[in-house]
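Report on one structure; see the data block that follows.
The values are calculated or read from the model by the stated rules, or taken from the named source; none is laboratory data. Please read all numbers here as calculations on a predicted model, not as lab measurements. Virtual Cβ from ideal backbone geometry, glycine too; neighbours counted across all protein chains shown. Note: accessible area is taken over every heavy atom of the protein model, side chains too, but ligands, DNA and RNA are not part of it. Shrake-Rupley method; radii C 1.70, N 1.55, O 1.52, S 1.80 Å.
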Amino acid sequence: MNMALLHYRGGLMDGVSLEMDKWKKVLEKLGHNADIVAGNKKEGVDNYIEDIGFENKLYRIINKNAFEKLEDFTEDELVKAIELESDKLLKNFEKGLEKYDVIFPNNIWSLGAFLPTAIALKRYADLHPEKLFIAHHHDFWWEREYFLNSTSKKIEKLLEYYCPPVGKNIKHMVINSIAKEELKKRKNVEATVVPNVMDFEEKSFIIEGLNKKIREYYDIPKNSIIFLQATRVTRRKAIELAIDLIEVFNKKVKDKKGEILYNGERFNGEILLAFSGMCEDDVYFDELKKKAKELNVKILDMYNAVEKGIWSFWDLYNISDIITYPSILEGWGNQLLEAIVAKKPVVLFEYEIFLSDIKNSGLEYINLGNEYEMIDGFVTVNREILEKAADELIEILFNKEKYYGIIERNFEVGKKYFSFDTLENIIRNLLK
């Protein structure tokens, strides 16, 4: 069958784009023709449909008036503008989706990030009962403060009706059990839980010799310890916890200088926190840099080299000794799986979905707890938790057997529960 993985944008490093890339591989493995269909012209997008996404000139003005401040329209004018734009987008869908038998909308019916697209797609689904729509809901509007602040009752009603809609030819997928329960409560529909997955059979992005090359490029000695923050820089990632942990670790590891690390290198006493993801909040990043300087934590921003194509995002996993994943809010957790596939130990905060959907798998990790406070705008955890985590880090980083034992066991857990085989089985059931 011909299948479309549909989103506002594709071919990027955001979580939805990455998941669509994985789905494309699995669908093609199952013998289907699968295209990534999006509203941006980018390498990796197979089919471009104009104006359905963030590049639409009305995207910003409609969202501002719908969810921030109603100032460019009256309430009725705003609704009329949304309806008129959905009329136009329906024509775009008629042309752009004509050849597809099954369409997987990704977040278009979840967030309401551009209501004209959500409305137009529902109208298109109603006009084509012969097509199957399997909506992949990565995030819902009721999970985001921005979308909860709609400026009028009419916008709220549009969100409630179209995000997500219900229809005989529409099935629903969510990425965690909490979302499944909430969708059942709100819409009385059953959804299939689809975890994030990775290809555990694919050639590893950890490549012999690349660690040395990248470290030389940044003038980092081979016997320095590198913590890698492989996420976007945004507040919900709570990266300040990584800085707090490294401050404690720095003090505890001083007397380890000269001792042998897990990789056979003699530790030189230098510790770095490296960033490989894009920055989405410059103010927050400046705050992190200031905090790191005050706590004598050295940081290195490597994303500029990713943008320039010097190194790929995946390449940069090679230089890490350990991955920090202190996020307090995730729909699932792509970076966690990436760390497991890269065979790196992980320091993580036990966010809600981790506790409900992932922890029971048996993954091993350095624990930052599951409770926090906000102090002076930063996420903080109990000092005793940081002390314990730093002690565990020392045990792992200076013990070859323990280090490699953890990463190999985690790899097998990931392969069992979060692999492409898992996704294949889910897709087969959805297409029945």
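In table form, for the structure just shown:
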{"read-out": "Reciprocal mean inverse distance between Cα atoms of the stretch 42-112 - Kirkwood radius, Å", "value": "13.9"}
{"read-out": "Gyration tensor verdict on the stretch 347-432 (Cα atoms; rounded if a/c is under 1.5, prolate if a/b is larger than b/c, oblate otherwise)", "value": "oblate"}
{"read-out": "Unit charges on C-beta of K, R, D, E only; dipole of the chain, Debye", "value": "580"}
{"read-out": "Full-stretch length increase - Lys69, Arg383 - with 0.36 nm per residue and alpha-carbon distance subtracted", "value": "108.9 nm"}
{"read-out": "Directionally averaged projected area (convex hull, Cα atoms, the stretch 94-195), nm²", "value": "6.5"}
{"read-out": "Over the stretch 287-413: Rg over Rh, Cα atoms, Kirkwood Rh", "value": "0.96"}
{"read-out": "Interatomic Cα distance distribution for the chain, bins of 20 angstrom, percent", "value": "24, 54, 21, 1"}
{"read-out": "Efficiency of FRET between Lys359 and Leu127 - r from beta-carbon atoms, R0 41 angstrom, step 0.05", "value": "0.40"}
{"read-out": "Computed accessible area, Lys290, all protein chains, 1.4 angstrom probe, square angstrom", "value": "130"}
{"read-out": "Theoretical gain in end-to-end length, Lys212 to Glu259 [0.36 nm per residue, Cα-Cα removed]", "value": "14.9 nm"}
{"read-out": "Efficiency of FRET from Cβ geometry, Glu28 and Asn188, R₀ 30 Å, rounded to 0.05", "value": "0.30"}
{"read-out": "Rounded FRET efficiency, nearest 0.05, which uses the C-beta distance separating Asp101 from Lys308 and R0 of 51 Å", "value": "0.80"}
{"read-out": "Which of Arg383, Arg266 is most accessible, then next, and so on - probe 1.4 Å", "value": "Arg266, Arg383"}
{"read-out": "Cα-centre dipole for the stretch 162-211 with unit charges at Cβ (Lys and Arg positive, Asp and Glu negative), debye to 20", "value": "600"}
{"read-out": "Simple label model, 7 Å out from Cα along Cβ direction - Lys432 to Glu43, nm", "value": "4.1"}
{"read-out": "Percentage relative contact order, the chain, counting C-alpha pairs under 8 Å, at least six apart", "value": "13"}
{"read-out": "Centroid-to-centroid separation of the stretch 372-432 and the stretch 21-44 [C-alpha atoms, Å]", "value": "28"}
{"read-out": "In Hz, Karplus ³J(HN,Hα) per residue of the stretch 71-88 (6.51, -1.76, 1.60; θ = phi - 60°; x = Gly, Pro)", "value": "9, 9, 9, 7, 4, 5, 5, 5, 4, 5, 4, 5, 5, 5, 5, 5, 4, 5"}
{"read-out": "The chain - percent of accessible surface contributed by carbon and sulfur, probe 1.4 Å", "value": "48"}
{"read-out": "Approximate spin-label separation Glu156-Asp421, in nm, with each point projected 7 Å along Cα-to-Cβ", "value": "4.9"}
